[in-house]
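This report concerns only the one structure given below.
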Amino acid sequence: MYIKKKRPWEIPENKAAPEEVYLGRRKFLRDMGYLSLGGVMLSGLGTGVFGLFEENKKEDVIKVPATKASNLYPAKRNRIYTLDRPLTDELVAGSYNNFYEFSSGKSVWKHIGKMQLRPWTVEVTGLVEKPRTYDVDDLVRKMPLEERLYRLRCVEAWAIAVPWTGFPMRELVKMARPLSNAKFVTMTTFMKPDWASGQRLRFWQPWPYVEGLTMEEATNELTLLATGIYGHELPAQHGAPIRLVVPWKYGFKSIKSIVKIEFTANRPATFWNTVAPEEYGFVSNVNPDVPHPRWSQKTEKIIGTDEERPTVLYNGYGEFVSGIYPKG
Ligand SMILES: Nc1nc2c(c(=O)[nH]1)N[C@H]1C(S)=C(S)[C@@H](COP(=O)(O)O)O[C@H]1N2
Ligand SMILES: [Mo]
């Protein structure tokens, strides 16, 4: 056996994933590939999980089946949105994911094999003049697709920078014509225990995954419904066929594989906020001065380059969103 260099974003004691609390540390570490079945601590040895980036072939990790909308990619890049760092390598971003429906580890791409990406419908419902269920490809064809380079910051203190393809959520809101009493937009992920072992194994969690935004957040220009990444449609592990991207909030707000978008008068009960309200707030804007109860948020690790950077308020998107939060 050879010794693999421990990467700084390997989860240290004080920066564990939310799941650790509920599964117990041993089960969590085993899922993450740190423990052998016999229970011997293998941290620092070549256990596989963090060797992914060198060892896996791109065609095994990034699978993008053709659809009725494939010819729309790549979309034209919107140059307004720039980065302060290089883009994350596609293979790195596609092999280090959070998608608890499929796995509580990061090798989500190994567990998505049963997911059926088509047909896929998105129900737009609730307090709107124009409720309607859309075939996802028909919806994408109606919408102005563009590419945007955004940073994504996970509450676990790691970050990536990726080119999303998608359309502003405000375009969908306009089309739905919300009633004046609509105050929140609630989004729901699929419920398919047949595909997603997490929905069977962690049956006590409040599946399906739900997230929500205020109307003002949902119609902010940054709020994107993404259907593509790296110039093609989303692979399943990134939340195909359609997922939210709100880059000034912690990653768990950016809900994947959406089947329902509902306009509501009241704040919805959201997944992580229901599981652990003291750890995962409803608002959850990136903020270095608000520590997570179990770890600091002062810095972030950039996946793939080992670089550590100071966390920036609103993940650096203050010029777009600070007006929404007058009290800071
Ligand atoms: N349905 C669903 N959406 C989800 C998650 C999840 O577990 N289930 N994880 C969230 C978290 S914690 C993060 S950091 C981002 C990760 O997005 P990525 O894997 O495309 O980088 O997805 C978010 N969306
Ligand atoms: Mo996250």
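The values are calculated or read from the model by the stated rules, or taken from the named source; none is laboratory data. What you see is a predicted model; the values in this text were computed from it and never measured. Neighbour counts run over all protein chains shown; Cβ positions are idealised from the backbone, glycine included. Surface areas here come from the heavy atoms of the whole protein model, side chains and all, with no ligands, DNA or RNA. Shrake-Rupley method; radii C 1.70, N 1.55, O 1.52, S 1.80 Å.
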TODO: Could you check what % of the DSSP bridge pairs in region 13-317 are antiparallel, to the nearest 5?
DONE: 85 percent
Task: Rule-of-thumb Rg ratio for region 13-317 [Cα; 2.2 N^0.38 Å; N residues] - done: 0.96
- [ ] Could you calculate the contour length gain from GLU308 to LYS174, that is, 0.36 nm times the residue separation minus the distance between their Cα atoms, to one decimal place in nm?
- [x] 44.3 nm
Open item on the list: Under 5 Å between amide hydrogens, which residues at least 5 positions from VAL124 or on another chain qualify, with H placed 1.01 Å from N in the peptide plane?
Closed with: ARG132, THR133, TYR134, ILE261
Task: Under-17-angstrom lysine pairs by C-alpha in region 53-190, whenever the two are 8 or more apart or on separate chains - done: 14
TODO: Apply the Karplus parameterisation 6.51 cos²θ - 1.76 cosθ + 1.60, with θ equal to phi minus 60°, to every residue of region 114-126 and state each ³J(HN,Hα) to the nearest whole Hz, in sequence, with x for glycine and proline.
DONE: 8, 5, 9, 7, 9, x, 9, 10, 10, 8, 9, 8, x
TODO: Return the FRET efficiency for the residue pair ARG77, ASN181: r is the Cβ-Cβ distance, R0 is 56 Å, and the value is rounded to the nearest 0.05.
DONE: 0.90
Task: Alpha-carbon centroids, region 64-111 and region 182-232: separation in whole Å - done: 16 Å
- [ ] Would you mind getting the accessible area per residue of region 13-317, heavy atoms of the protein chains only, 1.4 Å probe, in Å²?
- [x] 40 Å²
TODO: Quick one: how many lysine pairs does region 184-328 have with C-alpha atoms less than 18 Å apart and a gap of 8 or more or different chains? Give me the count, please.
DONE: 5
Task: Summed residue charge, Cβ within 9 Å of VAL122's Cβ, Lys/Arg positive, Asp/Glu negative - done: -1
